[in-house]
Amino acid sequence: MKQPEYLRRVQGFARRELLGKDAYLDSLADAPLPLYERFADTGLANWWLPKEHGGLGLGLQESVRIVSELAYGDAGVAFTLFIPVLTTSMVAWYGSEELKERHLGRLVAENGSCATLGSEHAAGSELARITTMAARDGDTIVLNGKKAFSTNAGFAQFLVVIARSQEDPSGYMAVLVPRDTPGVQIDKRWDVIGLRSSATYQVTFTGCRVPAGNVLRGNGLRLLEVGLNASRILIAATGLGIARRVRDVCMEYGKSKSVKGSPLAGNAVFAGRLGQFEMQIDVMVNQCLAAARAYDAVAVRPDAGEEFLRIGTLKSALTTKMFCGQTGWQIASTASEMFGGLGYTHESVIGKLLRDVRYVSIVEGGDDVLRDLVFSRYVVPVSKRS
């Protein structure tokens, strides 16, 4: 079946800019990488943004396919390019018309990036314990605090900061902050073990002042929960892309490696493992697309923002991220064994793929956190939930 045009463009970009450049992409080169500007030449930068703001308006099913192809080349590049969906979905559904027009329109026009800042060192996965404060001062909001992990923050056009209300300690805000606002300080870029072509930062806010109109409508933690649905499904799709790359790398190795005078690809144990990989990858594809369909079914509704607030966390977003993270890790780990000693060196790309896929089960809620969410939201009977 003929591939859609947008997917052919992505595949061409991956061939030109990513495949065969693993050492560079794994080097923690200065961010943002120049290749992100070249991705904009495909016309697909921020491909999910609504048409009313100048975007292509592609849905999450198309996004799963795009991200899988990008992650096949490099998962860090894929993560950098899609993670703004978390930020923009919150702004698109819960920002004022003025905020949307000013910031989303510019994001499209300039092929820019944005970032969300929620996590903090002490709070960990318990975001209700965050200590970054948002205080009202007349017609402005003043932010003070430190955020631990935020991908793209160093080169973002704007940030959405999740903060506790100083006036109501049990209340939370999501505040849009232009990146060049005084009081925003990038403390450092984290030296991560995988996805090293991406850039994740620690950020401090000191007396950072923005207009009160920059506060998004609704409880900040709830808005973050809604935004995480899309990004969690696309994180799962990076696991799919990595798994596909692992399978193909193993197949190439099997053709060139000889065992007992015959190509390794003809060995029954090797072939059986590749058959197992294919079965697992097929299920990952179907699971990612099913979760994306569930998301798209809500996103196209005229009351999508309100419906997502009612639903909160989609079950399929949680289960898909967990399944693809665990399955991708199993595939990459098994593959590293199949390469023998070579799989434990930097001479083979398998080690990089193994480090890259590990992030799927860590960021935006580790597996234990998501298992607890699935239990409390979807296993415990409604009448017995707190």
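Would you confirm whether or not the stretch 37-52 contains a residue that is within 23 Å of L216 (Cβ to Cβ), among the aliphatic types (A, V, I, L, M), assigned to a helix (DSSP H, G or I) and in contact with a helix residue (DSSP H, G or I) (Cβ under 6 Å, 6 or more places away or on another chain)?
No: zero hits.
Scan the stretch 143-156 and give yes if some residue there is touching a Gly at 6+ places or on another chain (Cβ under 6 Å) and either among the small types (G, A, S) or buried (at least 16 other Cβ atoms within 10 Å of the Cβ) (or both), otherwise no.
No, the stretch 143-156 has no match at all.
Only one of L224, L240, L234 is modelled with pLDDT of 95 or more, among the hydrophobic types (A, V, I, L, M, F, W, C), under 30 Å from Q166 (Cα atoms) and in a helix (DSSP H, G or I). Can you tell me which?
L224
Evaluate the following for N46: is it of a type in the set (S, T, N, Q) and either touching an Asp or Glu at 6+ places or on another chain (Cβ under 9 Å) or open to solvent by 20 Å² or more (accessible area, probe 1.4 Å) (or both)?
Considered against the rule, which asks whether it is of a type in the set (S, T, N, Q) and either touching an Asp or Glu at 6+ places or on another chain (Cβ under 9 Å) or open to solvent by 20 Å² or more (accessible area, probe 1.4 Å) (or both), N46 comes out as no.
Contact list please: Cβ distance under 9 Å, first residue in the stretch 302-326 and more than 29 Å from V357 (Cα to Cα), second residue open to solvent by 40 Å² or more (accessible area, probe 1.4 Å) and assigned to a helix (DSSP H, G or I), pairs at least six apart or on different chains.
A304/W93; G305/W93; E306/W93; L309/W93; L309/R222
Taking R16, is it in contact (Cβ under 8 Å) with a residue 24 or more places away in the chain, open to solvent by 60 Å² or more (accessible area, probe 1.4 Å) and in a helix (DSSP H, G or I)?
Judged against the criteria, R16 is not a match.
Look at I281 and say whether it is touching a Lys or Arg at 6+ places or on another chain (Cβ under 9 Å) and at pLDDT 95 or above.
Yes; evaluated as a whole, the condition is true for this residue.
Does Y6 satisfy the condition of being open to solvent by 10 Å² or more (accessible area, probe 1.4 Å), at pLDDT 95 or above, assigned to a helix (DSSP H, G or I) and touching a helix residue (DSSP H, G or I) at 6+ places or on another chain (Cβ under 6 Å)?
Here the answer is no, as Y6 does not meet what is asked.
Do we find that I281 is over 19 Å from D367 (Cβ atoms) and open to solvent by 10 Å² or more (accessible area, probe 1.4 Å) in this structure?
no
Pick from S361, S316: which is in contact with a helix residue (DSSP H, G or I) (Cβ under 8 Å, 6 or more places away or on another chain), surrounded by 17 or more Cβ atoms within 10 Å (Cβ to Cβ) and under 25 Å from L28 (Cβ atoms)?
S361
Could we say that D367 is over 18 Å from R245 (Cβ atoms), modelled with pLDDT of 95 or more and surrounded by 14 or more Cβ atoms within 10 Å (Cβ to Cβ) here?
yes
Only one of these is of a type in the set (G, A, S), closer than 30 Å to R196 by Cβ and buried (at least 24 other Cβ atoms within 10 Å of the Cβ): A123, A109, A115. Name it.
A115
For the stretch 173-219, which residues satisfy the criterion of being at positive phi and buried (at least 22 other Cβ atoms within 10 Å of the Cβ)?
Hit for the stretch 173-219 is L195, nothing else.
The values are calculated or read from the model by the stated rules, or taken from the named source; none is laboratory data. Since the structure is predicted, the reported quantities are computational estimates derived from the model, not experimental observations. As a convention, Cβ positions derive from the backbone with ideal geometry for all residues, glycine included, and neighbour counts pool all protein chains shown. The protein model used for the area step is the full one, side chains on, heavy atoms only, and it has no ligands, DNA or RNA in it. Shrake-Rupley method; radii C 1.70, N 1.55, O 1.52, S 1.80 Å.
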